[in-house]
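Below is one structure, written out as structure tokens, with a few remarks after it.
Any read-out appearing in this document is the output of simple, stated calculations on the displayed coordinates, not a laboratory observation. Keep in mind that this is a model prediction, so the values were computed, not measured. Quick reminder, even Gly has a Cβ in these numbers, built from the backbone with ideal geometry, and neighbours come from all protein chains shown.
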Amino acid sequence: MLILGIESSCDETGVALVDASGGHTPRLLGDALHSQIEMHRAYGGVVPELASRDHIRRVLPLTDAVLAQAGLPLSAVDAVAYTRGPGLAGALLVGSGVACALGFALGKPVIGVHHLEGHLLSPFLSADPPEFPFVALLVSGGHSQLMRVDGVGRYTLLGETIDDAAGEAFDKSAKLLGLGYPGGPALARLAQQGDAQAFKFPRPLLHSGDLDFSFAGLKTAVLTQVKRLAHASLDGPATLHLADPLTPQQKADVAASVQAAIVEVLVKKSMAAVRQTGLRRLVVAGGVGANTLLREQLGAACAKAGVRVHYPELHLCTDNGAMIALAGGMRVQAGLVRLDWADGAEGNGYSFDVKPRWPLSDLGLSEPAGAR
Ligand code: KG4
Ligand code: ZN
């Protein structure tokens, strides 16, 4: 069973082909990605309209590249999975439209996939795939969640951010330091030269007793610190970036201190989730999962606690088509999606909508009654 996956929820066009035959863990046969980072950099962030137009330009050439890698014709595809949400509406519409058009042309079914389920399952494509059940720490640009995962589609929310996501905290702090977009990797790079003890930034909700996160206060603390160091005020000259008066060492120290605060909260809450659930496996997914310090500190904490920790391959941490093809394939294998509906050739199944805001609860996530 060959599943073509298309991801277009934000600033990456990803296409991949996965073999999800039988009951075994799906195998990646081809994978191609185009990142729009260079295009958006000039604007300091993602411009939705430009993102949509670029997805249109990239998606079919990437599909050709994936099929060439796999050495297979388009007609070999058994189903087309696409990101239905959450994400930018216009960007999602491109992937959904192309997936449904391909499905209709081939007479094959399409599968709308939740982007976060893709991230969550992405470690199954790694050389060291996890086994159910496990605790998942999902940390992306828009989400920070801890989940108990008992199987495909069997997710229990344990805790989540009450305001900003961890990736947002990285991105906003990076912006305050004048590091531009995308902020997370830039801040992590600069932090390598800094002293993580230099500034004591808040660790919100660290001792709250629950598994929720809060990162919004961090950017205010960073702003206050940068202002203090710069002796500047926000209404200073427009051409001057707030962080310009800082020395390179001061910037690196702020970066290292912010990263340490975010990582400490993520590690402590993840270990608390492991303790609470009694599970012995932890899966880390989403863009922030690429952070080296997070991997080091989680690795150390898990080793101490006798817990196995699994990550997606580094290139599958951020958005990609492979995780969408994989999630589509695993949903079929789990019996959550039927593939026989396209046979009637009525075409109704190809009408599509996207879900820019798509609560995980709509996916069949359960929350334990009275747990939060
Ligand atoms: O999962 P992802 O690619 O997209 C979303 O679904 O949001 O995550 C993107 C987020 C951004 O906030 C980015 O700054 C962050 O992941 N990120 C990192 C690193 N690489 C990506 N944050 C910290 N350190 C990194 N190395
Ligand atoms: Zn993502």
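Please pick out the residue among 31, 54 that is over 20 Å from residue 323 (Cα atoms), surrounded by 19 or more Cβ atoms within 10 Å (Cβ to Cβ) and touching a helix residue (DSSP H, G or I) at 6+ places or on another chain (Cβ under 7 Å). It would help to see each step written out before you state the result.
Details: 31 fails: over 20 Å from residue 323 (Cα atoms).
Unique residue meeting the criteria: 54.
For the condition touching a Gly at 6+ places or on another chain (Cβ under 6 Å) and within 13 Å of ligand 1 (Cβ to nearest atom), residue 164 does not qualify. Restricting the first member to the stretch 255-281 and to residues that are closer than 11 Å to residue 148 by Cα, and the second to residues that are small (Gly, Ala, Ser) and part of a helix (DSSP H, G or I), the beta-carbon pairs closer than 7 Å and six or more apart or on different chains are 274/305.
Here's a check for you: in the stretch 115-142, which residue that is in a strand (DSSP E or B) and more than 16 Å from ligand 1 (Cβ to nearest atom) is nearest to residue 88 (Cα to Cα)? The selected residue is 135. Pairs meeting the criteria (first residue in the stretch 149-177 and without any contact (Cβ under 8 Å) to a residue 60 or more places away in the chain and under 25 Å from residue 280 (Cα atoms), second residue among the hydroxyl-bearing types (Ser, Thr, Tyr) and buried (at least 23 other Cβ atoms within 10 Å of the Cβ), beta carbons under 7 Å, at least 6 apart or on different chains) are 160/144; 161/144. Note on the stretch 299-322: residues that are under 21 Å from residue 210 (Cβ atoms) and either within 13 Å of ligand 1 (Cβ to nearest atom) or in a loop (DSSP other than H, G, I, E, B) (or both) total 1.
For residue 194, state whether it is among the small types (Gly, Ala, Ser), closer than 20 Å to residue 226 by Cβ and surrounded by fewer than 24 Cβ atoms within 10 Å (Cβ to Cβ). If you could, list the steps in order and put the result at the bottom.
Details: among the small types (Gly, Ala, Ser): yes; closer than 20 Å to residue 226 by Cβ: yes; surrounded by fewer than 24 Cβ atoms within 10 Å (Cβ to Cβ): yes.
In short, yes.
Scan the stretch 113-133 for residues that are touching a Lys or Arg at 6+ places or on another chain (Cβ under 9 Å), within 26 Å of residue 338 (Cα to Cα) and either away from ligand 2 (no atom under 16 Å from the Cβ) or free of Cβ contacts under 8 Å to residues at least 60 places away in the same chain (or both) and the total you get is 4.
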